[in-house]
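First the structure, in the form of structure tokens, and then the observations on it.
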Amino acid sequence: MRSLISILDLSVQEIDELIDTACDIIENPAKYAEACRGRKLATLFFEPSTRTRLSFEAAMYELGGNVLSVSSADSSSAAKGESVADTAKTVSCYADIIAMRHPKEGAPYVAAKNASVPVINAGDGGHNHPTQTLADLLTIRREKGRFDGLTVGFCGDLKFGRTVHSLIGAMARYPDVRFVLISPEELKLPSYEKDVLKQKNIPYVQTTDLMEVMPELDILYMTRVQRERFFNEEDYLRLKDSYVLEPKKLAAARQDLSIMHPLPRVNEISVAIDSDPRACYFKQVLNGKYIRMALILKLLKEAGRI
Ligand code: NCD
């Protein structure tokens with residue numbers, strides 16, 4: 001059974017095909033309006049979410065399908081101590097496909113091993129978030145028309161930010177991509193992620209100074225400091241406002257910079273940036289729905305359910 005746990009479960013060619021399908025859905029939505037008639041998506045979210053869960057659900061509705069939803073850990077049998085494996089076996093009896101978010105790294109993998117329907121990782125702890133990456137890639141393709149040759153800056157919480165980990169993994173497969181890693185010392189990209197870049201000889205620099213690197217960037221991917229992954233509140237309070245993007249800080253930025261953020265935003269991007277044509281974060285939100293439609297179609301087709 002084909003699931004999506006890590007972005008690396010998809011080949012570069014498959015990602016291209018998903019992007020092409022998403023673009024076709026954007027152009028011809030009526031063609032897809034009945035594609036999943038009678039099929040059910042279960043969204044199992046054991047951590048807070050607005051965009052990811054609702055975009056999965058909107059995606060399934062726009063494909064003509066239906067949705068079953070668990071939107072918090074305390075409203076399901078997880079609160080009674082049920083294992084992820086048993087939950088996955090149970091939900092497989094009701095749904096054709098599952099999207100799961102969980103605070104524990106690896107939980108969607110365990111679900112996929114035990115489910116008899118495809119499982120999509122909708123974010124596991126500080127680990128991975130492959131469907132946000134698909135939304136990010138669709139946005140980059142629509143904004144830049146390409147992936148190769150780009151200098152991508154990641155700024156903020158690179159330690160716990162799962163969207164950063166997945167997007168670096170995906171972008172590292174395209175030629176001539178360079179990474180600029182901007183974070184406080186305590187929130188640097190984990191060494192297991194950097195080892196992959198070193199092994200593949202992919203150029204990257206680490207810095208604490210956003211302003212110094214701003215003119216080099218084609219993409220600036222801002223992130224929230226991940227409060228829920230901190231061991232103590234004091235550290236969070238000290239680090240939370242390390243970077244706040246304001247209009248004056250864009251003075252030296254490229255005119256064709258794309259400013260991205262997976263959202264939710266706390267304080268990292270001033271609302272005054274929202275009207276700058278370089279701001280792409282609400283485009284990412286919309287692209288997230290289209291690419292999830294393409295992904296649901298692909299996995300249901302491969303499972304023989306449509
Ligand atoms: C992200 C997440 O859940 O990892 N949100 C999202 O899905 N768009 C980013 C975050 O919570 O900071």
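Coordinate-derived values only; no laboratory data. None of the values given here were measured: they were computed from a predicted structure. Glycine gets a Cβ as well: all are built from the backbone with ideal geometry, and neighbour counts include every protein chain shown.
Placing a pseudo-label 7 Å from each Cα along the Cα-to-Cβ vector at residue 66 and residue 232 gives an inter-label distance of 5.2 nm. Put simply, the amide H of residue 101, placed in the peptide plane, has neighbours under 5 Å in 44, 45, 46, 122, leaving out anything fewer than 5 places away on its chain. Footprinting exposure proxy ranking of 80, 40, 249, fewest other C-beta atoms within 10 angstrom first, gives 80, 249, 40. Rounded to the nearest Hz, the phi-derived 3J(HN,Hα) couplings of region 141-148 under the Karplus curve 6.51 cos²θ - 1.76 cosθ + 1.60 (θ = phi - 60°) are 4, 6, 7, 9, x, 6, 10, 6, where x marks glycine and proline.
The 3J(HN,Hα) values that the Karplus relation (6.51, -1.76, 1.60; θ = phi - 60°) gives for region 199-215 are, in residue order, 4, 8, 6, 8, x, 8, 10, 10, 8, 9, 10, 5, 4, 4, 9, 3, x Hz. Gly and Pro appear as x. Distances between placed amide hydrogens fall under 5 Å for residue 206 paired with 181, all partners being 5 or more residues away or on another chain. Positive contributions from Lys and Arg (+1) and negative ones from Asp and Glu (-1), summed over other residues with Cβ under 10 Å from the Cβ of residue 183, come out at -1. Quick check: net charge around residue 54, other residues with Cβ under 11 Å of its Cβ, Lys/Arg +1 and Asp/Glu -1? So the surrounding residues net to +3. When the chain is treated as a GNM with alpha-carbon contacts under 10 Å, the residue of 240, 188, 31 showing the greatest mean-square fluctuation is 31. Of all DSSP bridge pairs formed entirely within the chain, close to 5 percent run antiparallel.
By the count of neighbouring beta-carbon atoms within 10 Å, fewest first, 16, 195, 74 end up ordered 74, 195, 16. By its C-alpha gyration tensor, with a ≥ b ≥ c as the square roots of the eigenvalues, how is the chain shaped: rounded for a/c under 1.5, else prolate for a/b larger than b/c, else oblate? Because a/c hits 1.5 or more and a/b exceeds b/c, the chain counts as prolate. Between residue 8 and residue 275, the contour length at 0.36 nm per residue exceeds the alpha carbon distance by 92.7 nm. Checked against a 26 Å cut-off, the cross-linked pairs 113/144; 80/104; 40/113; 104/159; 89/188; 80/113 give Cα-Cα distances beyond that limit for 113/144; 89/188. Each residue of region 79-93 was assigned a 3J(HN,Hα) from its phi angle through the Karplus curve 6.51 cos²θ - 1.76 cosθ + 1.60 (θ = phi - 60°); the sequence is 5, 8, x, 5, 6, 4, 4, 5, 4, 5, 5, 5, 5, 4, 6 Hz, with glycine and proline shown as x.
Each distinct pair of alpha carbons in region 158-306 adds a 1/r term; the inverse of their mean, the Kirkwood radius, is 17.1 Å.
As a rough footprinting exposure proxy, the listed residues 4, 237, 68 were ranked by other beta carbons within 10 Å of their own, and the order from fewest upward is 237, 68, 4.
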